[in-house]
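What follows is a set of notes on a single structure, which appears directly below.
FYI, it's all coordinate maths here, none of it is from the lab. Small disclaimer: the values here were computed from a predicted structure and weren't measured. Cβ placement follows ideal geometry from the backbone for every residue including glycine, while neighbour counts extend to all protein chains displayed.
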Amino acid sequence: MRLSGSLIYHFVAFVVVAIWGSTFVFTKLLLLSGLTPAQIFTLRFIIAYVLLLGYSLTRNHCWLSDSVKDELLMMALGVTGGSLYFLTENSSMNYTTTTNTSLIVSLSPLIASALISLFYTTERLNRIQMAGTLMAAIGVAVVVLNGHFVLHLSPLGDSLAFSAALCWGFYSLLMIPANKKYDTVFITRKVFFYGLLSMIPYYLFCPEETSNLPSFNSSILLNLLFLGCVASMLCFLAWNWVMKKLGAVVATNYVYFNPVTTILFARVVLSEQITLYFLIGTLLILVGMYLADRKK
């Protein structure tokens, strides 16, 4: 990769994806504690929004976009990168296997690259970059499948997982015009706000979600604080900043590392075995990302 002058951006992108890869364990613990996917998303985004709101109040930041069109853009970011993304991703695991969900969602960089190339001719990938992106995608498949090349197809679950990948692709696309006009803190605060606001219709259709809350013990609170403060507030801020610096295509390619970091985290915490397929897949991802960042 072209690291001269941009090493810090690549490092931050990797750290963010590494943290997001670890959130599976924390989310799983909260699910086992009785929280639903919608409740987990809402609580972590409330924590993140309150913290970012407090920071903005001390800095006299602006509160509204320059136009109604831009405000609608912020709303779209909150839906695609917030409520709809998390609901479709988490809900898909109720209808299909975790393997299917991980594989489909981790291919979101392919969707993002295709969408960005369609709308921005200057962002179109050359042949080497396209080959690198495909190689990284194959690496993800090798890591996730781990030698078991059998997928149990579930139309509803797989469609939800694909919808999540599509949401992240559109989020990456919409971040391009947003980053050109607004700073990272403003955009991230709007993502949290509209992500929460767009959850209201869901709770109107599912009122039981607001009443069936488990007792909050120290373990639940610590997990929620990590997801809200670190995985949401800090990571979304860092990710949006990296997208501004590296560009949407290069930054989004780091999502390919998500299953890699998840498995590494499981190895440290749960002592799960690292297989040869993991090593081969990781190598394909690394080489693929190197080629994907090559310019003509």
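Observations
- Per-residue Karplus couplings for segment 29-44, computed as 6.51 cos²θ - 1.76 cosθ + 1.60 with θ equal to phi - 60°, are listed in order as 5, 5, 5, 5, 7, x, 7, 8, x, 5, 5, 4, 4, 4, 5, 5 Hz, Gly and Pro entered as x.
- In the chain, excluding the sites themselves, the longest stretch lacking any of the chymotrypsin sites (Phe, Trp or Tyr not before Pro) that are in a DSSP loop with at most 13 other Cβ atoms within 10 Å is 64-148.
- Ellipticity estimate at 222 nm from DSSP helix runs (n ≥ 4, -39,500 (n - 2.57)) divided over the chain, nearest 500: -23000 deg cm²/dmol
- Contact order, relative form, for the chain: 40 percent (alpha carbon pairs under 8 Å, 6 or more residues apart, mean separation divided by residue count).
- Amide hydrogen neighbours beyond the local backbone of D183, cut-off 5 Å, H modeled: none
- Convex hull (Cα only) mean projected area of segment 42-122, reported in nm² to one decimal: 7.9
- Pairwise Cα separations in the chain fall into 5 Å bins from 0 onward with the following percentages, short to long: 1, 5, 11, 16, 19, 18, 14, 9, 4, 2, 0, 0.
- Taking a ≥ b ≥ c as the square roots of the eigenvalues of the Cα gyration tensor, segment 35-89 is classed as oblate, since a/c reaches at least 1.5 and a/b does not exceed b/c.
- Sequence-separation-based contact order of segment 158-282, relative, with Cα cut under 8 Å and 6+ spacing, percent: 31
- Residue-by-residue Karplus 3J(HN,Hα) for segment 156-164, coefficients 6.51, -1.76, 1.60, Hz, glycine and proline x: 5, x, 5, 5, 5, 5, 5, 4, 5
- Applying 1/(1 + (r/R0)^6) with r as the Cβ-Cβ distance of L53 and L276 and R0 = 35 angstrom yields a FRET efficiency of 0.15.
- Residue by residue, segment 174-186 carries 3J(HN,Hα) couplings of 6, 5, 5, x, 5, 5, 6, 10, 10, 7, 5, 5, 4 Hz when phi is fed to the Karplus relation 6.51 cos²θ - 1.76 cosθ + 1.60 (θ = phi - 60°); x denotes Gly or Pro.
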